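The structure appears below as structure tokens.
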Amino acid sequence: MRKPLIAGNWKLQKTIPEATALAGELKNELADFTGADLLVCPPFIDLGVVGREILGSPIELGAQDIFWEDTGAFTGEVSGPMLKSAGCSYVIVGHSERRGFFGDTDEVVNKKLKAAVRSVLIPILCVGESLEKREQKVTKEFLRKQIGASIQGIGIEWIARIVVAYEPIWAIGTGLSASPRMANKTHRFIRELFAEHYDESIAKNLRILYGGSVKPDNARALIAEEDIDGFLIGGASLKADSFATIARYSVL
Ligand code: 13P
């Protein structure tokens, strides 16, 4: 049985006082929540205050990115040991905005994934096709290549720790969510890929989150699908009530 994971990706939003306030509201809303894992991924600068604010609540802390080296002359970067020391247990790797705006190739994503597992952080590996690929009907081929390259060289002992987030690029921040059926079909395909690369047990236990315009309105129908194990939420994670509503729907 896969426990759902409901994760908020705050992206480039929330100053330190704003992040403190939101974390406090989330803690109040979700103090007694059980049945799913809860995660917030604020910007690096907010990790300290958010971590302190959610202490003693069921909400865990994650980062939005990681550098592939642990230490050294890499101005502006943040490493796995640093995230660990800030109280993170998860880290998002390969978000399409990192891939699109900052040039994170599959090779870079692979190095970051390895850095995350080396620091005993749970990576949330983001994958997903563009509208162009979807319209060309090459989503499966694209995902096969993207996932294969991202997980290359990651042994079975490490892969058991990772979470995958399927985030079709055309659904992110657009209000256009994939239909539950379409998302589930793709999740099932991703699970099959992990069975091919590793084994049935890894595939069966792999948590695959859906991301892309998840809102309280569509969360219930999406989570009802067999292969959707939770969400990576952008916009709707920025309000405590909508994040909490989605979390509650995931355990109904
Ligand atoms: P939205 O929920 O705002 O579409 O963002 C999804 C996302 O990119 C989460 O990582």
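When only Cα pairs below 8 angstrom with a gap of at least 6 residues are kept, segment 1-70 shows a relative contact order of 39 percent.
Counted by neighbouring Cβ atoms within 10 Å, the residues 2, 188 run from fewest to most as 2, 188. Remark: relative contact order (the chain) = 21 percent; criterion is Cα-Cα distance under 8 angstrom and separation of 6 or more residues. Seen from residue 248, the other residues with C-beta closer than 13 Å to its C-beta sum to a net charge of -2, counting Lys and Arg as +1 and Asp and Glu as -1. Where the alpha-carbon atoms of segment 174-252 are placed on the principal axes, they occupy 39, 22, 19 Å, in descending order.
Computed from the Cα positions only, the extents of the chain along the three principal axes stand at 46, 44, 33 Å, in decreasing order.
Once backbone amide H atoms are built at 1.01 Å from N, residue 60 has 38, 39, 40 as its partners under 5 Å, excluding neighbours fewer than 5 places away on the same chain. Taking 20 Å as the cut-off for C-alpha to C-alpha distance, list the pairs among 84/111; 114/145; 14/114; 27/239 that go past it. Checking Cα-Cα distances, 14/114 exceed 20 Å. Near residue 122, the amide H atoms lying under 5 Å from its own belong to 90, 91; only residues 5 or more places off or on other chains count, and H is placed 1.01 Å from N.
Quick one: which of 95-104, 55-64 comes out on top by average Cβ neighbours within 10 Å, and what's the full order, highest first?
Working: 95-104: 16.4, 55-64: 19.1.
Put in order of decreasing packing, that is 55-64, 95-104.
We did not get these values from a lab; they are worked out from the coordinates using the rules stated. Just so it is clear, the model here is predicted, and its values are computed rather than measured. Neighbour counts are summed over all protein chains in view; Cβ atoms, including those assigned to glycine, are modelled from backbone coordinates with ideal geometry.
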